[in-house]
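Report on the structure given below.
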Amino acid sequence: EITSLLSLCGGQFSSEQEIRVNSPFWILSIPSEEMARGLMKRTVCAKSIFELWGHGRSAGELYASLNNYPIDMMLPYLHSDSTYKVHIHTFNKTLTQAQKIKKIDALEFLPFKGKVNLKNPEHIFWILEDYGMDPNNVPEEPFHLYFGRWIADGQRELIESYSVKKRHFIGNTSMDACLSFIMANHGRVKPNDVVYDPFVGTGGLLISSAHFGAYVCGTDIDYNTIHGLGKASRKNQKWRGPDENIRANLRQYGLEKYYLDALVSDSSRPIWRKGMLFDAIITDPPYGIREATRRTGSQKETVKTAERSTENHIFVSSNYHLSDIFFDLLKFAAEYLVMGGRLVYWLPIYRPEYTEEIVPRHPCLKLISNCEQMLSSHTSRRLITMEKVKEFKDQDENSYLLDGQYTPYRGHNSFREKYFSGVTKRIAKEEKDNQK
């Protein structure tokens, strides 16, 4: 998320940043405080950002680093007319109040001339100490120490204010609010973008994009979900109400002006005219476990709407193989994304058999990131982010990556279809076992 936002707002990881995957503190190189605030107006992963004045592996190194920080960059925040306070944050360790005061007093060599104000200071300074990630093996001294001026907090409060528990219209698989915002940030959604979800469901992913000022639309094969009909997913509620729909969700958050439309459509079939371009495609395809994978087809099954449907809507459907879902999704993104636009989606994984080669590829799309969310000891899903780097041509229509080379798609005999069929069965079995 941070890497995507840096490419959107400006900045990069500092050359001083050590590659410490498990560290909760990162050093960034951002040209201006305004850009830093812009980044923090978007992120739900980062808690706060600071102007770094000094850091080191010990207290002595920290103080030496602070002495080397340019005095003219300190003085605007330390003059006699200002007020300030100093916070201490320790990761993986709790300090007594006496220990905190001792560490604050040790900074008396800094040229603080203002008055201490603990309730409403103009400037807030933080001492940050990293005691590692192992709660069973906490060191006496921190691995790393930082001192800096607080600039801004992240948007963690969005997780609560957009909670699915408080949402007007929900489904069985409505996306968690935190993950929705992370996906929008991976997609680098910005004001006036057009964002599309081909498996829109109850529209949870549209809400986060609309919050960032994008115009949103989506499609889904489920007539009842799009029109807000049928049985409700909420506990102690049998049927959906007359105003339970995607538009009502956006209205709930004051985002209705960004709602374009939601259509009943089969994502495996083309409905958009050529040249219809989206700035981002952000979606959570069905895995065939809690939500069926369906497409219109020639099988003789008929699927009827629920008893409360106001129309006699009947269509013929067939199974939609999971490998085909991802192949069609990548092909659609390659054709309908703007250049530089991003595709963000979830990929279900059976961990013992997972390899990087399983991730679907397309010659027009570059893999940007591949992040894992653990579901159980054997299953997980990966958040895949891809960026369009090449214009779509006719020869790209039926290509996918196999063994490092792009080859024509081989339909249901492809190794991916066999793998994903197994993934669906294993995840379904684990869910049943967990319910028992």
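The values are calculated or read from the model by the stated rules, or taken from the named source; none is laboratory data. Only a predicted model underlies this, so the values are computations on that prediction, with no experimental measurement involved. Here the Cβ is made from the backbone with ideal geometry for all residues, glycine too, and neighbour counts use every protein chain on show. Protein only, heavy atoms only, side chains kept; ligands, DNA and RNA dropped before computing areas. Shrake-Rupley method; radii C 1.70, N 1.55, O 1.52, S 1.80 Å.
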Q: Name every residue in the stretch 228-245 that is in contact with a His (Cβ under 9 Å, 6 or more places away or on another chain), more than 13 Å from Gly171 (Cβ to Cβ) and either open to solvent by 70 Å² or more (accessible area, probe 1.4 Å) or among the acidic types (Asp, Glu) (or both), in order of residue number.
A: Asp243
Q: Look at Pro31 and say whether it is surrounded by fewer than 13 Cβ atoms within 10 Å (Cβ to Cβ), assigned by the TED database to the domain that holds Pro139 and either closer than 30 Å to Ile182 by Cα or modelled with pLDDT under 95 (or both).
A: yes
Q.
Take His211 and tell me if it is of a type outside the set (Val, Ile, Thr), open to solvent by 30 Å² or more (accessible area, probe 1.4 Å) and in contact with a Leu (Cβ under 8 Å, 6 or more places away or on another chain).
A. yes
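In this structure, is Leu402 modelled with pLDDT under 90 and aliphatic (A, V, I, L, M)? Spell out the reasoning first.
Working: modelled with pLDDT under 90: yes; aliphatic (A, V, I, L, M): yes.
In short, yes.
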Q) Would you call Phe50 in contact with a Gly (Cβ under 6 Å, 6 or more places away or on another chain), open to solvent by 50 Å² or more (accessible area, probe 1.4 Å), of a type outside the set (Gly, Ala, Ser) and modelled with pLDDT of 95 or more? A) yes
Q: For the stretch 212-237, enumerate the residues that are modelled with pLDDT of 80 or more, outside any strand (DSSP E or B) and aliphatic (A, V, I, L, M).
A: Ala214, Ile221, Ile226, Leu229
Q | Qualifying positions in the stretch 253-295 - out of contact with any Asp or Glu (no Cβ under 6 Å at 6 or more places or on another chain), of a type in the set (Ser, Thr, Tyr) and modelled with pLDDT under 95 | A | Ser265, Ser267, Tyr287, Thr293
Q: Output the residue which, of all residues in the stretch 378-395 that are touching a residue at least 12 places away in the same chain (Cβ under 8 Å) and more than 23 Å from Ile182 (Cβ to Cβ), is surrounded by the most Cβ atoms within 10 Å (Cβ to Cβ).
A: Phe392
